[in-house]
Structures are given as structure tokens and as C-alpha cells.
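Report on the following structure.
The values are calculated or read from the model by the stated rules, or taken from the named source; none is laboratory data. These numbers were taken from a predicted model, which means no experiment stands behind them. We place every Cβ from the backbone using ideal geometry, glycine too, and count neighbours over all the protein chains shown. Ligands, DNA and RNA are excluded from the accessible area calculation, which covers all protein heavy atoms including side chains. Shrake-Rupley method; radii C 1.70, N 1.55, O 1.52, S 1.80 Å.
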Amino acid sequence: TTDAIGEWEAIFPSMNATTGLTLTVTQLGTEDGKEPIILDDIAIGEVFLLSGQSNMDYNVSNMEDYLELKANANNYSNLRGYLSANIYRHGEDGMGSGSWYKLTADNIAGFPATGYAMATMLALELGDDVTVAIVEASYPGSTVKTWIDAEKYIAKYGEDADVKKYRSY
């Protein structure tokens with residue numbers, strides 16, 4: 001059920017690393033004709049958030065050994081990535097978009113190099129049984145306070161120049 005501002009959460013117990021799960025989200029009172037939301041190929045594993053400025057936005061395709069990385073990318077079966085949408089990367093029409101995907105030779109070029117390097121090192125250490133997921137949330141030139149909920153920040157600290165600039169984007 002949602003709270004007064006439309007937010008909700010689901011808390012799951014700790015689970016062992018696994019892949020290939022399906023998650024079905026059903027709205028109560030489905031007599032209104034709403035279909036459940038079904039998410040396939042869910043993985044349980046390790047998730048890391050990468051945040052920063054342009055240093056965290058440097059792509060794998062710019063790395064000196066990119067061709068070698070691309071040639072070996074499909075050797076890692078349980079790497080996942082998520083590129084957060086932002087105006088810098090996707091334009092205003094792309095805001096709110098983004099999705100999970102498997103990191104393969106076909107799509108690592110535009111993924112952040114730091115995140116990909118970390119994911120491959122962790123995959124070697126943890127083994128093929130553990131999915132390693134990297135959530136990239138960087139924006140060149142941003143400050144950390146522009147990444148938190150604006151209304152909560154303003155309620156606590158007031159609206160300052162950084163928040164006004166962020167809202168203008």
C-alpha cells in the first residue's frame with residue numbers, strides 16, 4: 001500500500017545468491033483490470049552504487065585496453081549494470097528512463113570504466129555463482145546534495161544556489 005505521498009516499499013529477507021527469478025507485483029483490488037507487473041531474470045547478489053562527477057563517468061571504450069576488455073567481456077556471466085538517466089547523458093526526454101542489463105561485449109563500451117573494472121575484479125573473487133551489479137549514478141560537475149530528494153533537503157537546510165541550479169536542469 002502507498003503512504004500519503006505515494007511511496008511504498010517491500011522488504012525481503014536475506015537470500016542466497018541466485019539468478020533467474022521472477023518477481024510479480026500485483027495491485028490489490030485487481031477487479032479494476034490492472035495487470036500485474038512481471039519482472040523476469042531477477043538476480044540476487046552484490047549491488048554497488050557508483051557516484052561521482054566526470055571521473056566516474058569515464059567510459060570503458062576510452063580505456064587503453066578496451067579491445068581486450070571487450071574480447072573477454074562474455075567470460076563474466078553474472079555482471080549486471082544500470083545507467084541512471086540524467087539530462088547530461090539522455091537529454092530532458094530521457095529523464096526517468098534507464099534499465100538493468102547484462103554487461104556483455106555488445107554493451108560495455110558506454111559503461112563507466114571504474115564500475116566495470118570493479119565488477120570484473122569482484123566477479124573473479126566471488127565466482128560465477130554471485131551476480132555483481134553496478135548502479136552508476138554520476139553527473140559531471142554535480143554536488144552530492146543534488147542527488148538527494150530535493151523536498152527533504154529543502155525542508156532541512158533550505159533552498160540554496162546548488163538546489164536552484166539542479167532544479168533548473
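For ILE134, nonlocal amide neighbours, meaning residues 5 or more places apart or on other chains whose placed amide H falls under 5 Å from its own, are PHE48, ARG80, GLY81, TYR82. In segment 10-59, Rg over Rh equals 1.17, where Rg is the alpha-carbon radius of gyration and Rh the Kirkwood radius from pairwise Cα distances.
Modelled this way, with points 7 Å down the Cα-to-C-beta line, the labels at TRP100 and SER77 are 1.8 nm from one another. Note on surface exposure: SER51, SER84, SER14 rank SER14, SER51, SER84 by accessible area, highest first, 1.4 Å probe.
Taking a straight Cα-Cα cut-off under 12 Å and skipping sequence neighbours fewer than 8 places away in the same chain, the aspartates and glutamates within cross-link reach of LYS70 are ASP106. Evaluating 6.51 cos²θ - 1.76 cosθ + 1.60 at θ = phi - 60° for every residue in segment 57-69, the Karplus couplings come out as 9, 5, 7, 4, 4, 8, 6, 4, 9, 3, 4, 5, 4 Hz, glycine and proline recorded as x.
For the peptides 73-79, 41-47, 152-158, 3-9, the ranking by mean Cβ contacts within 10 Å, running from highest to lowest, is 73-79, 41-47, 152-158, 3-9. What the phi angles of segment 38-48 give under the Karplus curve with 6.51, -1.76 and 1.60, with θ = phi - 60°, is a coupling list of 10, 10, 9, 6, 6, 10, 10, x, 9, 10, 10 Hz, glycine and proline written as x.
Between ALA155 and SER51, what FRET efficiency follows from the Cβ-Cβ distance if R0 is 22 Å, with the result rounded to 0.05? The calculated FRET efficiency here is 0.45. Here's how it looks for PHE111: its modeled amide H is under 5 Å from those of VAL60, SER61, which are all 5 or more places away or on a different chain. Rolling a 1.4 Å probe across all protein chains gives PHE12 an accessible area of roughly 120 Å². In order along segment 15-23, the Karplus-derived 3J(HN,Hα) couplings, from 6.51 cos²θ - 1.76 cosθ + 1.60 at θ = phi - 60°, round to 10, 6, 4, 6, 9, x, 7, 10, 10 Hz, and Gly and Pro are given as x. Within the assembled protein chains, the solvent-accessible surface assigned to THR19 is about 60 Å², based on a 1.4 Å probe. Each other residue within a Cβ distance under 14 Å of ALA113 adds +1 if Lys or Arg and -1 if Asp or Glu, for a net charge of -4.
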